Amino acid sequence: MKVSRRDFLKYCGMTATVLGLSANDLLGLKDALANPNGPTVLWLQGAGCTGCSISFLNRISTVAPKTAGDLLVNSVNLAYHPNLSSLAGDAVVDVINQAYTKGNYVLIVEGAVPTAFNGAACFAWSYKGVDKTFKDAVTMLASKAAKIVSVGSCAAFGGIPASGGNPTQVLSVKAATGKATINIPGCPPHPDWIVWAVAQILLNKPVALDSVGRPTSLFGLKLHENCPRKEQDEVNRFGLSSGCLKPLGCKGPETKSNCSTLKWHNGVNWCVGAGAPCIGCTEPTFPIATPFYKNV
Ligand code: FSX
Ligand code: SF4
């Protein structure tokens, strides 16, 4: 399945406004994509639920390029993705090792890094009968990456796997490797945020980050600022089409993201729009600050 660069640019054009890409950026992106030496991308999955990849797959299922595979395989050199790579076993580890030898790739990490038991709570792959812990795989690949993108709140901050007792001593990618990361949180993150991050790297554009590593272009404002329910009467029932959800524990006033203007499922709706309070999933405090089973 091939998708043309034109289709990818068409996709970028459709989302250029929400992605903050100017006409010049799109031209630059065209050049970047025409470069046969475009960046190699390695996508790892650790302690998470694969929801980040699923979110990404869902977003582009109705708009060209129609699959994440189309976008990643044909527009960048996707050397490895645990769910999308057609190779498996030693053969795919050979591909990873070749990319590592060359260096200068983009490392996308989904899922957090368990560090207890020498990392043996989570394995990335097995090669010639020897298991590689996720911790060792991330540390190795981070050492020669041109850029590291932490996709999802688990990779960015530890997220759900790091909550509670955390017996496997789960850390974020930055904490586990000591390397700078572009954090694209959300549990899961919006697919356009992931595309945005890849586009900035292809364009070689500097990405302004806030104090917790999130791009300010995407996470500059609190959700509450642009919420259409702001200043409406408070409600204490789920699923209503209007009314502020603060009494139900809405985390919008403390949560930075552009969900209220971007919306989800190709712009159809978002959590608060559906009458469900924001659970603050883009914040480093998630999910500790958002207990799901008790009133707050
Ligand atoms: Fe975490 Fe990704 Fe939440 Fe899941 O694997 S951000 S648990 S939606 O999907 O890392
Ligand atoms: Fe703010 Fe949430 Fe109320 Fe919207 S629903 S106005 S984000 S507290």
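The values are calculated or read from the model by the stated rules, or taken from the named source; none is laboratory data. In this text, all values refer to a predicted model and were calculated from it rather than measured experimentally. Neighbour counts are summed over all protein chains in view; Cβ atoms, including those assigned to glycine, are modelled from backbone coordinates with ideal geometry. Ligands, DNA and RNA are stripped out before the accessible areas are found, and what is left, the full protein with its side chains, is counted by its heavy atoms. Shrake-Rupley method; radii C 1.70, N 1.55, O 1.52, S 1.80 Å.
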Check your understanding: How about the stretch 236-248: which of its residues are out of contact with any Lys or Arg (no Cβ under 9 Å at 6 or more places or on another chain) and either part of a loop (DSSP other than H, G, I, E, B) or more than 10 Å from ligand 2 (Cβ to nearest atom) (or both)?
Key -> Asn236, Arg237, Phe238, Gly239, Leu240, Ser241
Practice item. Provide a single number: the residues in the stretch 222-253 that are among the charged types (D, E, K, R), surrounded by 15 or more Cβ atoms within 10 Å (Cβ to Cβ) and away from ligand 1 (no atom under 16 Å from the Cβ). Key: 3
Exercise for review: With the condition kept exactly as written, say whether any residue in the stretch 254-262 is farther than 19 Å from Ser55 by Cβ, open to solvent by 20 Å² or more (accessible area, probe 1.4 Å) and more than 16 Å from ligand 1 (Cβ to nearest atom).
Suggested key: yes
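Results for (1) open to solvent by less than 30 Å² (accessible area, probe 1.4 Å); (2) at pLDDT 95 or above; (3) part of a strand (DSSP E or B); (4) under 14 Å from Leu209 (Cα atoms), shown as yes or no for each residue.
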| residue | (1), (2), (3), (4) |
| --- | --- |
| Ser150 | yes, yes, yes, yes |
| Cys154 | yes, yes, no, no |
| Pro161 | no, yes, no, no |
| Pro167 | no, yes, no, no |
| Ala180 | no, yes, no, yes |
| Asn183 | yes, yes, yes, yes |
Exercise for review: Just give me the residues in the stretch 117-144 being in a strand (DSSP E or B) and within 22 Å of Pro188 (Cβ to Cβ), in sequence order.
Suggested key: Ala124
Practice item. Could you tell me which residue of the stretch 49-71 is modelled with the lowest pLDDT, considering only residues that are of a type in the set (Gly, Ala, Ser) and open to solvent by less than 50 Å² (accessible area, probe 1.4 Å)? Key: Ala64
**Study point:** Residue that is touching a residue at least 24 places away in the same chain (Cβ under 8 Å) and away from ligand 2 (no atom under 16 Å from the Cβ), where the choices are Ala120, Ala88, Ala162
**Key:** Ala162
